[in-house]
1. For Glu194 and Thr123 in one chain, what is 0.36 nm times their gap in residues minus the Cα-Cα distance, to one decimal in nm?
2. Given charges of +1 on the Cβ of Lys and Arg and -1 on the Cβ of Asp and Glu, with all other atoms neutral, how large is the dipole of the chain about its Cα centre, in debye to the nearest 20?
3. Given the Cα-Cα distance of Ile227 and Arg47 and 0.36 nm per residue of separation, how much length would full extension add, in nm?
4. Give, in nm to one decimal, the length gained when the segment between Leu183 and Trp152 is fully stretched (0.36 nm per residue of separation minus the Cα-Cα distance).
5. Return the distance in nm (one decimal) between the two label points of a simple spin-label model at Ala32 and Ser209, each offset 7 Å from Cα along Cα→Cβ.
6. Quick one: divide the alpha-carbon radius of gyration of the stretch 118-254 by 2.2 N^0.38 Å and tell me what you get.
7. What is the angle, in °, between the Cα long axis of helix 121-133 and the longest principal axis of the Cα atoms in the chain? Nearest 10 is fine, range 0 to 90.
8. Give me the mean projected area, in nm² to one decimal, of the convex hull enclosing the Cα positions of the stretch 1-153.
Amino acid sequence: MARGQSRRRAYGTLAEVYDRVYAWKDYRKESAAIVRLVRRWGPRPARTLLDVACGTGAHLRYLARSFACTGLDASPEMLAVARRAVPRARFVRGSMPRFDLPERFDVVTCLFSAIGYVRDERTLRATLRTFARHLVPGGLLIVEPWLTPSLWKPGSVHLATVPSRRGPIARMNTSITRRGRSLMDMHYLVGDGERIRHWVERHDMGLFSVRQMKAAFGAAGLTVHRIPSGFYGATHTDRGLYLGIRPPRDLGAASGT
């Protein structure tokens with residue numbers, strides 16, 4: 001990042017334009033796929049769902065039609081947007097590795113590669129134990145991973161532009177590897193009336209192999225299944241999905257409770 005530029009907390013300022021930046025993303029299609037996965041792999045009946053790192057609640061807009069939904073996120077700015085967008089869902093602030101809610105859920109989801117923000121394998125395992133602890137016996141965990149080390153391509157700059165009636169948006173980011181993690185400084189230019197706003201957010205994400213992910217699910221006491229095709233089939237941007245099933249027994253020893 002150039003000298004003199006300010007760097008802001010990831011997903012802070014971005015919250016107000018996040019849905020415009022990712023307007024290309026088919027949340028309806030992804031949510032329908034989640035419902036199908038729950039019907040196949042989840043408990044019966046599955047009534048409650050917790051979406052961890054829910055962001056602006058874009059998935060919950062659709063999932064709330066099928067489940068009683070709770071969204072959890074660390075960003076108060078994201079949660080403010082989500083509460084306005086999905087009034088029928090409940091939203092709480094919390095950290096992925098350490099949140100502690102009083103209830104358990106039939107389904108827990110962690111989507112759009114948010115799991116990468118745990119950064120290291122030790123925290124990944126702690127996070128999956130937290131997820132498992134919030135599942136009912138027989139409950140289903142659905143995790144959409146970040147890139148594996150072999151798929152991460154450092155040393156490149158990426159540009160995305162978003163046309164909008166409210167003003168154009170451009171996002172350009174670097175991609176480097178540091179201490180085994182993917183590091184991206186994302187520069188945003190947002191046209192807003194007669195002015196252009198610019199800020200930089202740093203996204204520091206862990207790179208976990210398939211072996212590391214499966215081991216973390218196992219250490220949390222979950223039976224793990226990997227779906228390589230994910231939501232969009234076998235494309236270069238598809239990161240697949242991991243399904244974790246909590247056995248119909250007490251997970252006390254595995255989850256650390």
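Just so it is clear, none of the values below were taken in a lab; they were calculated from the coordinates. Since the structure is predicted, the reported quantities are computational estimates derived from the model, not experimental observations. Cβ coordinates were reconstructed from backbone atoms using ideal geometry, including for glycine residues, and neighbour counts include every protein chain displayed.
1. Working: separation 71, 0.36 × 71 = 25.56 nm, distance 4.41 nm.
Additional length available on full extension: 21.1 nm.
2. 180
3. Extra length available between Ile227 and Arg47 comes to 62.5 nm.
4. Details: separation 31, 0.36 × 31 = 11.16 nm, distance 1.05 nm.
Stretched out fully, the Leu183 to Trp152 stretch lengthens by 10.1 nm.
5. 3.8
6. On the way: Rg = 18.6 Å, N = 137, 2.2 N^0.38 = 14.3 Å.
The value comes to 1.31.
7. The angle comes out at about 50 degrees.
8. Spelled out: convex hull of the Cα atoms, projected over all directions, averaged, 10.5 nm².
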